[in-house]
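Here's the structure, in structure tokens; my notes come after.
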Amino acid sequence: MPSLLVVIFVVELAVQIINNFGAAAINSLLWRIYTSLPTQLSKDYAHQRKLQAEYLAVRKELNGTSSQDQFARWAKLRRKHDTLLEELEKKKKSLEATKSGFDRYVTGVRWASTKGLQWFLPFWYAKEPMFWLPYGWFPYYVEWFLSFPRAPLGSVSIVAWQWACTGVLTLLVETIGAIVGLVAGSKQKQAVPVPAGRSSAAGRAAAEKKTS
């Protein structure tokens, strides 16, 4: 069943990506992508930015207007300021509610397509062999372990394949992390400047050694 093999691998890869990047960061990235699409939501965000710019301009003008010397102008700006602030608050609450609903939806889809499949597929295909081992190559206890829990003896069960995918991907992530850490550490060491006094002292020592 090559298709099921690929499905299990993709599910475990998705779990590793979520575990390493974080669900909140992925939700935020998806939200930014969604709001950049030409939808009504992107228009709402554009309207909010326009309202905010107008509100800040009115607030700046209001702060520069004297309530005693220019009361009529100040009162007019104050009413406009309060109207824009109220509209901004309503728009902010509406967009926050939309984002909360989006986060709940994405979280549900992510759970169903990762954790849900991690539990459902091994349960549903527990008796299905992923592939067969070469006959007589492995002792009985190895064949029994690889066929755990209910796959035919001599085959690799979906649970064993799931374990293998998880182990390989975890090792790969740790290896990549170690390589990135080494590269970052070496660049940081190269970027450390040498103190001027130490550099000049080393130069004098080298010059004295040459003359002697």
| message | Within the stretch 123-145, take every residue that is in contact (Cβ under 8 Å) with a residue 60 or more places away in the chain and open to solvent by 60 Å² or more (accessible area, probe 1.4 Å) and give me the one that is nearest to the chain's Cα centre (by Cα). | response | Tyr125
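Among the residues of the stretch 168-212, which ones are acidic (Asp, Glu) and at pLDDT 60 or above?
Answer for the stretch 168-212, where residues must be acidic (Asp, Glu) and at pLDDT 60 or above: just Glu174.
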| remark: Considering residues that are within 8 Å of the chain's Cα centre (by Cα) and surrounded by 15 or more Cβ atoms within 10 Å (Cβ to Cβ), the number found within the stretch 7-22 is 1
| task | Looking only at the stretch 158-175, decide whether some residue is loosely packed, with under 11 Cβ neighbours inside 10 Å, of a type in the set (Phe, Trp, Tyr), out of contact with any Cys (no Cβ under 8 Å at 6 or more places or on another chain) and assigned to a helix (DSSP H, G or I). | result | no
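Of all residues in the stretch 121-157, count the ones that are in a helix (DSSP H, G or I) and either at positive phi or of a type in the set (D, E, K, R) (or both). Talk me through it step by step, then tell me what you get.
Just the residues of the stretch 121-157 that are in a helix (DSSP H, G or I), to begin with: 121-124, 140-146.
Applying the additional criterion that residues be either at positive phi or of a type in the set (D, E, K, R) (or both) yields 143.
Here the count works out to 1.
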| request: Tally the residues that are surrounded by fewer than 11 Cβ atoms within 10 Å (Cβ to Cβ) and of a type in the set (A, V, I, L, M, F, W, C), restricting the search to the stretch 96-122. | output: 2
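The values are calculated or read from the model by the stated rules, or taken from the named source; none is laboratory data. Owing to the predicted nature of the structure, the values given are computational and were not obtained by experimental measurement. Cβ sites come from the backbone with ideal geometry, for glycine too, and all protein chains shown count toward neighbours. Ligands, DNA and RNA are stripped out before the accessible areas are found, and what is left, the full protein with its side chains, is counted by its heavy atoms. Shrake-Rupley method; radii C 1.70, N 1.55, O 1.52, S 1.80 Å.
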